[in-house]
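Single-structure report; data block below.
The values are calculated or read from the model by the stated rules, or taken from the named source; none is laboratory data. Predicted model, so just to flag it, every value in this text is computed and none were measured. FYI the Cβ positions are ideal-geometry reconstructions off the backbone, even for glycines, and counts take in every protein chain you see.
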Amino acid sequence: MADGLRLSSARGRGAVFASVVASGMAFLDSTVVNVALPHIGKDLGANVAGLQWTISAYTLALAALVLLGGALGDRYGRRKVFLIGVVWFTAASVLCGFSVNVGMLTAARALQGCGAALLTPGSLALLQASFVDKDRAKAIGAWSGLSGVATAIGPFLGGWLIDTLSWRWIFFINVPLAVLAVVAAVAWVPESRNPSTGRFDLPGAVLAAAGLAGITYALIQRGAGAIPATAVGVVALVVFVLAERRRGDAAMLPPRLFRSRQFSAINLVTFFIYAGLSGITFFLVVELQVASGFSALKAGVALLPMTLLLLVGSSRAGALGARIGPHWPLTGGSVIAGVGILLMLRIGQHTSYWLDVLPAAILFGLGMTLVVAPLTAAILAAAPSEQAGTASGVNNAVARSGGLLSVAALPLAVGISGQQYQQPGVLSHGFHLAVLGCAGLYALGALTSLVLVKREPSARAHPVPPSAAPGVPPAPPVRSERGGGTDA
């Protein structure tokens, strides 16, 4: 665009700053809330189900609404919807911080997820739509690098706040960050929209949310309500699939994309990989604090080596995937990450960070480094160019859905319920079973890659910025102003 921003200008740098600070809030919460779970449970008297809902309420809202949030930005203005998302997310964060019981916290986390569904796709869509062609990739690269640095700082900041003040401050810290993001966006980010965006798939979003919510409720709450909740969830998902087939390319989940075996296979790999990632991070930080006696800060930085490896190595892994195709990076990376998870069997009530945690974190990080960038690039390469934004959004939703169902199912599968997570011996036994389950999910990812993912590189494959950090699914959907159609 002739009047687009340039990265060398003050406005261009300000736009990147606004996007990084806002997305940094979401990244911070995604990595630090897990660390705070033992403190939240003790302060609010929460059982395992309460801790699960603290994570799952946010993930559920975000997974179901993130594609709709991107479409709203395209239609009504990306900056406007982005700002609404920042303010909404921050208001919900304040409610989280003032929560007096786990029910209030769960509701506030769901509201926070709704705000994130407006904020998350907008953070990159603003850069995609605002910069001139030659600076667009540099701006997105700057976003990726700076967001990664912000996320690496997150465990230090979050752990320090939890240890020295309270878990509530991991939510209150979003207020000054939001002020910075809003001021920068108003001052430097131009408005952009795509008036040709088609009708919103609101029924699809509602059905997807109902399906995921029903199954999640059944897994977490169990008891007498599990059977009707499961029935509601299954019926909603079946109706969702049928409705999406009728809507065709206007659907939130366009069936045409899944006619590609490569696209379907890579999304299946995504589901297994991010289910395993969410499951192990949910259990690990609780195990380290309750059973191993780590502080919140020390537990928070346990997986920092993985973050650093992703920051340093993802561009090289992306280039490798573009050169040889995603088959071997996804297969080998899944195996290496799974072996890293198996090393966590050494973690328990008498754990050394240097001998037990660090080797596992490094191997896990090496595996994830091989997986993340090639997976994201392969998704974009497997979809028609005019549906690249939708393909990225679908992959994002698949990753979050995998994480949601993993966090909901694992405590049930390993036999931890009620207040048992506060008993070091019982927790360690359940954690070791969870380690085996998560390693199994990575083995399924490796097997799927080996059997179903094409061996040759795509002609359109190219390195793309990876997710900023562990726990953060593939980059939010980026829609092009020049697409001319609807992505939602």
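Scanning the range 1-56 for residues that are assigned to a helix (DSSP H, G or I), of a type in the set (K, R) and either in contact with a Lys or Arg (Cβ under 9 Å, 6 or more places away or on another chain) or under 30 Å from A218 (Cα atoms) (or both) yields one hit, K42. When V132, V94, V102, V87 are checked against the criterion of being surrounded by fewer than 24 Cβ atoms within 10 Å (Cβ to Cβ), farther than 17 Å from V394 by Cα and touching a Ser or Thr at 6+ places or on another chain (Cβ under 8 Å), V102 stands alone in meeting it.
Check the range 34-55 and report whether any residue there is among the β-branched types (V, I, T), touching a Pro at 6+ places or on another chain (Cβ under 6 Å) and surrounded by fewer than 24 Cβ atoms within 10 Å (Cβ to Cβ). Yes, the range 34-55 contains at least one residue that is among the β-branched types (V, I, T), touching a Pro at 6+ places or on another chain (Cβ under 6 Å) and surrounded by fewer than 24 Cβ atoms within 10 Å (Cβ to Cβ). Consider A64 carefully, then state whether it is in contact (Cβ under 8 Å) with a residue 60 or more places away in the chain, in a helix (DSSP H, G or I), out of contact with any helix residue (DSSP H, G or I) (no Cβ under 6 Å at 6 or more places or on another chain) and over 24 Å from V175 (Cβ atoms). No, not satisfied. Check whether at least one residue in the range 211-223 is under 30 Å from V20 (Cβ atoms) and touching a residue at least 24 places away in the same chain (Cβ under 8 Å), and report yes or no. Yes, there is a match, as at least one residue in the range 211-223 is under 30 Å from V20 (Cβ atoms) and touching a residue at least 24 places away in the same chain (Cβ under 8 Å). Quick check on the range 105-120. Is at least one of its residues outside any helix (DSSP H, G or I), in contact (Cβ under 8 Å) with a residue 12 or more places away in the chain and either surrounded by fewer than 24 Cβ atoms within 10 Å (Cβ to Cβ) or outside the structural domain of P190 (by TED's automatic domain parsing) (or both)? Checking the range 105-120: not a single residue is outside any helix (DSSP H, G or I), in contact (Cβ under 8 Å) with a residue 12 or more places away in the chain and either surrounded by fewer than 24 Cβ atoms within 10 Å (Cβ to Cβ) or outside the structural domain of P190 (by TED's automatic domain parsing) (or both). The helices (runs of 4 or more DSSP H) found entirely in the range 162-257 that carry 2 or more residues being surrounded by 16 or more Cβ atoms within 10 Å (Cβ to Cβ) and among the small types (G, A, S) are 174-188, 202-221, 226-247.
Listed here are the residues, each with its yes/no results for (1) charged (D, E, K, R); (2) over 19 Å from the mean Cα position of the chain (by Cα).
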position: A92; (1), (2): no, no
position: K138; (1), (2): yes, yes
position: T151; (1), (2): no, no
position: L165; (1), (2): no, yes
position: R168; (1), (2): yes, yes
position: N174; (1), (2): no, no
position: A187; (1), (2): no, yes
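Taking the conditions (1) closer than 26 Å to L146 by Cβ; (2) of a type outside the set (S, T, Y); (3) touching a residue at least 60 places away in the same chain (Cβ under 8 Å) in turn, G279 satisfies each one other than (1). Residues in the range 398-436 that are assigned to a helix (DSSP H, G or I) and hydroxyl-bearing (S, T, Y) were compared, and the one that is farthest from V102 (Cα to Cα) is S428. When R79 is tested against the conditions (1) within 21 Å of the chain's Cα centre (by Cα); (2) surrounded by 22 or more Cβ atoms within 10 Å (Cβ to Cβ), the lone failure is (1). From the list T369, T390, exactly one residue is of a type in the set (S, T, N, Q), over 20 Å from G69 (Cα atoms) and either in contact (Cβ under 8 Å) with a residue 24 or more places away in the chain or in the same structural domain as A57 (by TED's automatic domain parsing) (or both). Which is it? Of T369, T390, the one residue that is of a type in the set (S, T, N, Q), over 20 Å from G69 (Cα atoms) and either in contact (Cβ under 8 Å) with a residue 24 or more places away in the chain or in the same structural domain as A57 (by TED's automatic domain parsing) (or both) is T369.
Filtering the range 263-271 for residues that are modelled with pLDDT of 95 or more, surrounded by fewer than 23 Cβ atoms within 10 Å (Cβ to Cβ) and not in a helix (DSSP H, G or I) leaves an empty set. Only one of these conditions is not met by P329: (1) within 21 Å of V451 (Cβ to Cβ); (2) in contact (Cβ under 8 Å) with a residue 60 or more places away in the chain. Which number is it? That leaves (2) as the condition not met.
Applying the set (1) crowded, with 24+ Cβ neighbours inside 10 Å; (2) of a type in the set (G, A, S); (3) within 17 Å of V407 (Cα to Cα) to G70 leaves exactly one unmet item: (3). Only one entry in G85, G122, G115, G103 is closer than 21 Å to A49 by Cα and among the small types (G, A, S), namely G103. Tell me whether the range 142-154 contains one or more residues that are out of contact with any strand residue (DSSP E or B) (no Cβ under 6 Å at 6 or more places or on another chain), outside any helix (DSSP H, G or I) and either surrounded by fewer than 16 Cβ atoms within 10 Å (Cβ to Cβ) or in contact (Cβ under 8 Å) with a residue 60 or more places away in the chain (or both). So far as the range 142-154 goes, no, none of its residues is out of contact with any strand residue (DSSP E or B) (no Cβ under 6 Å at 6 or more places or on another chain), outside any helix (DSSP H, G or I) and either surrounded by fewer than 16 Cβ atoms within 10 Å (Cβ to Cβ) or in contact (Cβ under 8 Å) with a residue 60 or more places away in the chain (or both). The condition of being among the small types (G, A, S), closer than 19 Å to I153 by Cα and buried (at least 24 other Cβ atoms within 10 Å of the Cβ) holds for only one of S334, S314, S295, that being S314.
Can you spot a residue in the range 83-93 that is in contact with a Lys or Arg (Cβ under 9 Å, 6 or more places away or on another chain) and modelled with pLDDT under 95? No, there is no match, as no residue in the range 83-93 is in contact with a Lys or Arg (Cβ under 9 Å, 6 or more places away or on another chain) and modelled with pLDDT under 95.
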